[in-house]
């Protein structure tokens, strides 16, 4: 019974972490049309910064703040050369940047980096909760998720959010209205990056171990699939997508235990289905399950 | 230094073959096709079958890789990209779909052949090139790479400038709407563009596989460099792309030597293409031979 509870808590923790990533991608890609194909890089930066800070003695909250700060700064650096150009250049640059980050984490030997990863990352409040820790951590993650959800809903319905959506619909027209499109896009990317950094931090403190091979490019596309399936430009959709994809991944693992499928086949099958989901949804239901909600306009 | 030049020519030949298809599709359909990486891998892997049936002739493996990768390219146009365009999908959705398609193809390859390294069964000889006091070694596969890149690029050049279909391709890549108004069947031309582009990438995959090894993510290993080549050359510019391929080949091989001199890990090699990419985007985003319009 306890193991079932912790299994569900574990699942929901991952749903929460991926929900955060989904919302962060939604702010960038769903609302502003910034095609970030390197989400995993910001996630990895957050995880590593938080891990390095707390391993050397800083408290969890300092790690979380540091993760958001550094990931946001990294987003800013990516924004500078790309956001004034064609929108697909951002996709190419971010996918490349994600590989570079992974190479640095793999090849750098100082600061405890390298292929062995970082071990014994402290788990916040572990002493307080003990055996019921998975449930407690799930609560922490979901508290963060709900806080971020409220903040981003607020941002999206603010004038700032409306300009992001205007950029998505027609960049030239928005520019013509006197809005600094580049500045708004940069802010959107930095916001999304901060959030991905926070998700990375929560991930690192949950697994208490990070290594470069946890941050493969495939993870980015897992998050993309969540957003496409759940609903582009809908934050609840991003969380729904995270829940569905997580449930799907776990069920393939359970299926593997019930039926005799080799591990390789199970992994391949999972990614083939995820690829199919992307293509099929883009073809038949591009707005996703939930889709963007209509904006109510009250006449003056 | 001679060895660096030879290696640069080899890397450049590979990038030239892989990038032609990427740049043509990018120009005509206006989207970055990430599934192009899997054309490289599918050509290389089907080569294993031809290697098994037809023996140790690299030429037969190359022809097989060309035909199969070309067919995969045509299939992706007919099954994914054309239906998406018909439904009014934007270029950006095509790009995202290309990622999904890439996941499908790569994991199908991994399911059939497994994730481990594989090698062709080939007899290779080692040659030593001596010019003055400098020496460089290269294998017979390397010789095939250099010769076939020059031959294929020349053939594509003749095809694009002398044949009806080639001229139609250039017209379409200049302006699909205008081409269609001139009575060119753009959909039919596109099929050939996919076949040619993906097929050349397949040959690139066979050559890379013969030179190093086969692994399902081998396409991804060249994709980043290929995008750097395409942007450096100017999207859709055939000659710019060829030139850019050799420039990047040289930059990477020189960069590796510099990494060693700086006592950094050569694992950073892929980062060189990234640095080149960022510099192009900052300094001359339309590429060395790109037109003003993009």
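Read-outs throughout are calculated quantities, based only on the coordinates presented, and are distinct from any laboratory measurement. Keep in mind that this is a model prediction, so the values were computed, not measured. Note: ideal-geometry Cβ built from the backbone for every residue, glycine included; neighbour counts use all protein chains shown.
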(message) I need the calculated FRET efficiency for the pair residue B:86 and residue A:116, taking r as the beta carbon distance and R₀ as 45 Å, to the nearest 0.05.
(response) 0.35
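Could you estimate the translational diffusion coefficient of region B:194-283 from the Stokes-Einstein equation, with Rh from the Kirkwood formula over C-alpha pairs, at 10 °C and 1.306 mPa s, in whole µm²/s?
113 µm²/s
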(request) Give me a single rounded figure for A:277-290: the average over its residues of other chain Cβ atoms within 10 Å of their Cβ. (result) 4
(message) For region B:82-230, take the convex hull of the Cα atoms, compute a quarter of its surface area, and give me that in nm², please.
(response) 12.5 nm²
(request) Partner chain Cβ atoms within 10 Å, averaged over the residues of B:265-274 - can you pull that number for me? (result) 4
(request) Please say if region A:20-176 is rounded, prolate or oblate, where rounded means a/c under 1.5 for a ≥ b ≥ c the square roots of the C-alpha gyration tensor eigenvalues, and otherwise the choice is prolate for a/b larger than b/c and oblate otherwise? (result) oblate
(message) Compute the angle between helix A:39-55 and the longest alpha-carbon principal axis of chain A, please, reported from 0 to 90 degrees and rounded to the nearest 10.
(response) 50 degrees
(message) Sort B:36, B:52, B:157, A:205 by Cβ crowding within 10 Å, fewest neighbours at the top.
(response) B:52, B:157, A:205, B:36
(request) Would you look at the GNM of chain B, springs on alpha carbons closer than 10 Å, and say which of B:153, B:193, B:230 moves the most? (result) B:153
(message) Quick check on the exposure proxy: order B:57, B:19 from fewest to most C-beta atoms within 10 angstrom.
(response) B:57, B:19
(request) Once you have the Kirkwood Rh of the protein assembly as shown from its Cα pairs, apply Stokes-Einstein at 37 °C and 0.692 mPa s and quote D in µm²/s. (result) 131 µm²/s
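Taking region B:127-214, how much of its Cα-Cα pair set, in percent, is spaced more than 17 angstrom apart?
Roughly 61 percent, rounded to a whole number.
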(request) Please give the per residue volume of the convex hull enclosing the alpha carbon atoms of region A:2-284, rounded to a whole number of Å³. (result) 132 Å³
(message) I need B:192, B:220 ordered by Cβ neighbour count within 10 Å, fewest first.
(response) B:192, B:220
(request) Could I get the Rg over Rh figure for chain B? Both from C-alpha atoms, Rh via Kirkwood, rounded to two places. (result) 0.97
(message) Tell me the angle of helix B:186-211 to the major Cα principal axis of chain B, expressed in degrees between 0 and 90 and rounded to the nearest ten.
(response) 10 degrees
(message) How large are Rg and Dmax for region B:1-62 when calculated on the C-alpha trace, in angstrom?
(response) 15.1, 41
(message) Tell me the angle of helix B:2-29 to the major Cα principal axis of chain B, expressed in degrees between 0 and 90 and rounded to the nearest ten.
(response) 10 degrees
